[in-house]
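Okay, here's the structure, questions in a sec.
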C-alpha cells in the first residue's frame with residue numbers, strides 16, 4: 001500500500017491563500033485529526049469550513065476550508081484532502097510540518113501527478129501537459145498544453161497503436177495456427193502501415209512548434225566588440241539586463257533572458273564580441289558566442305551603420321550561411337554610409353538601439369521571419385521525447401515495409417511491428433521505463 005504524501009501546493013512566500021495537500025490511504029484520517037468542523041462523514045468534492053488545530057496540544061492554528069476528494073474520483077486516484085488556509089508562509093510551513101509529524105511523508109517533485117499517471121488517471125502525454133501548463137511562457141503554448149491534457153495527442157497515438165496491434169494479432173494467429181488461419185491480406189497490411197507512417201509524419205511536423213512554444217525560440221545577438229549588442233538586448237527587453245560601456249570586450253560571457261516577441265516566446269542571448277584576442281577569459285567568451293550561434297534558431301549580426309562589415313565578420317557570415325541571419329545596422333543616430341550594402345541573400349534592418357529608432361520595424365521583421373520559417377500554427381506540438389519515440393516507430397515500420405516487399409516470412413514482420421508498437425506505447429506511457437518516468441516527473445514542482 002502506498003504511503004500518504006503531503007506538500008504545499010501554492011508558491012513560496014506570503015499570499016491571501018495557501019494550500020496544503022494530502023494524498024494517500026491515510027489522507028482522510030490525518031485530516032480528521034487536524035480539522036474541526038463540517039458534517040460527518042465529510043461529503044466528497046465539497047468545500048467545508050472549519051478550524052485547524054494541533055491534536056496533541058489542542059492549540060489553534062487557523063480557520064479555513066477543507067476539500068475532501070474521495071478516490072478513485074480524484075486527481076491522483078487516491079483519497080485527497082486539501083487545506084485552504086490563510087497564506088502566511090510560516091503558517092503554511094507549520095501546518096505541513098504538523099502533518100509530517102502525524103505520519104505523512106513529504107512528497108517528491110511531481111509525485112501527485114506521478115500517482116495520477118500510475119493510477120491511470122492520466123497518460124504520460126497528459127502528465128507532461130500538466131508540467132507544460134505550469135511552465136508555459138505564452139498563450140499559444142498554454143493552448144497547446146491544454147489540448148494535450150485533453151488527449152489531442154494521445155488519441156491519435158492510441159488509434160494508430162490499436163490498428164497496428166490488430167495487424168500483429170492477425171500475423172501471430174497465422175504464425176501460431178498456420179493450418180487453421182489464412183495469411184493476412186498483404187494489401188490490408190500495407191494500408192495499415194501507410195496510415196501509421198502518414199500519422200507519424202503529421203505528428204513529427206509539429207515538433208518545431210512544440211519546442212518553440214514550450215521552450216522558446218533561440219535568438220543570438222553577435223558581432224564585433226562595441227557595436228551595441230548589449231544595448232540592443234536591453235532595448236528589446238525594455239530594461240537594462242546587460243552591462244553597457246564604451247570599453248570593447250565588456251561582455252565576457254553570454255547573457256540570456258526571456259523575451260516575448262508579439263506572443264512568441266524567445267530565449268534571447270547576448271554574446272561576447274567576436275575578434276582576435278590573446279586574453280584567455282575573453283577567448284572562452286568568444287568560444288561560447290560561436291556555440292550560441294550554432295544552437296540558435298535565428299541570429300542577429302550587429303554592425304555599425306557608419307563603419308560597415310569588417311573582414312572578420314564577412315568571413316564569419318560565410319560559415320553561418322546555413323543559419324537564419326538578420327544583419328542589424330546599428331547606431332544610425334550617429335550617421336550611416338549609404339554605400340554600405342547588405343551582402344546578397346541577407347535581410348537587414350537599420351536601428352538605433354540607444355534611441356529606439358527602427359526597433360519596432362526590426363521586431364516586425366523578426367516576427368514575420370519566424371512565422372515564415374517555422375510553422376507555429378499547430379493544434380498540438382510534440383516534445384523531444386515524443387519525437388524520438390516516433391522516429392523509432394517510423395524506422396521499425398520502414399524495416400517492416402522492406403520485409404514485406406522482400407516477401408520474407410511473417411515472423412520478420414512481427415518483430416518490426418512489435419518494436420513500432422512499443423515505441424508508440426512509450427509516447428503515452430503504455431510501455432516505458434521507470435527511469436524515463438522519474439525523469440519526466442522530476443520536472444515538476446513539489447506539490448504537483
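Among the residues that make up region 152-162, is at least one of them crowded, with 21+ Cβ neighbours inside 10 Å and in contact with a strand residue (DSSP E or B) (Cβ under 8 Å, 6 or more places away or on another chain)?
Checked against the condition, which is being crowded, with 21+ Cβ neighbours inside 10 Å and in contact with a strand residue (DSSP E or B) (Cβ under 8 Å, 6 or more places away or on another chain), region 152-162 yields no hits at all.
So, one more: Right, residue 114: touching a helix residue (DSSP H, G or I) at 6+ places or on another chain (Cβ under 9 Å) and either surrounded by fewer than 16 Cβ atoms within 10 Å (Cβ to Cβ) or closer than 21 Å to residue 447 by Cβ (or both) or not?
yes
Also: What residue, among those in region 119-140 that are surrounded by fewer than 21 Cβ atoms within 10 Å (Cβ to Cβ) and without any contact (Cβ under 8 Å) to a residue 60 or more places away in the chain, is farthest from residue 211 (Cα to Cα)?
It comes out as 119.
Mind checking whether some residue in region 222-238 is within 20 Å of residue 268 (Cα to Cα), part of a strand (DSSP E or B) and more than 20 Å from the chain's Cα centre (by Cα)?
Looking through region 222-238, at least one residue is within 20 Å of residue 268 (Cα to Cα), part of a strand (DSSP E or B) and more than 20 Å from the chain's Cα centre (by Cα).
Given the structure, is residue 173 assigned to a helix (DSSP H, G or I), under 30 Å from residue 415 (Cα atoms) and modelled with pLDDT under 95?
Judged against the criteria, residue 173 is a match.
Now for a separate question. Could you please let me know if residue 167 is touching a helix residue (DSSP H, G or I) at 6+ places or on another chain (Cβ under 9 Å) and surrounded by 15 or more Cβ atoms within 10 Å (Cβ to Cβ)?
yes
Taking residue 89 as meeting all but one of (1) surrounded by fewer than 18 Cβ atoms within 10 Å (Cβ to Cβ); (2) without any contact (Cβ under 8 Å) to a residue 24 or more places away in the chain; (3) under 16 Å from residue 19 (Cα atoms), write down the number of the exception.
Of everything listed in (1) surrounded by fewer than 18 Cβ atoms within 10 Å (Cβ to Cβ); (2) without any contact (Cβ under 8 Å) to a residue 24 or more places away in the chain; (3) under 16 Å from residue 19 (Cα atoms), residue 89 misses just condition (2).
Now, a different point. Would you mind telling me which numbered condition in (1) within 24 Å of residue 264 (Cβ to Cβ); (2) touching a strand residue (DSSP E or B) at 6+ places or on another chain (Cβ under 7 Å); (3) surrounded by 17 or more Cβ atoms within 10 Å (Cβ to Cβ) residue 382 fails?
If we test residue 382 against (1) within 24 Å of residue 264 (Cβ to Cβ); (2) touching a strand residue (DSSP E or B) at 6+ places or on another chain (Cβ under 7 Å); (3) surrounded by 17 or more Cβ atoms within 10 Å (Cβ to Cβ), just (2) comes out false.
In addition: Give the residues of region 206-215 that are surrounded by 22 or more Cβ atoms within 10 Å (Cβ to Cβ) and within 19 Å of residue 294 (Cβ to Cβ), sorted by residue number.
Within region 206-215, just 212 meets the criteria.
I've got another one for you. Do any helices (runs of 4 or more DSSP H) entirely within region 359-441 hold 3 or more residues that are farther than 25 Å from residue 146 by Cα and out of contact with any helix residue (DSSP H, G or I) (no Cβ under 9 Å at 6 or more places or on another chain), and if so, which?
359-373
The values are calculated or read from the model by the stated rules, or taken from the named source; none is laboratory data. Owing to the predicted nature of the structure, the values given are computational and were not obtained by experimental measurement. Positions of Cβ are generated from backbone atoms using ideal geometry, with glycine treated the same way; all protein chains shown enter the neighbour counts.
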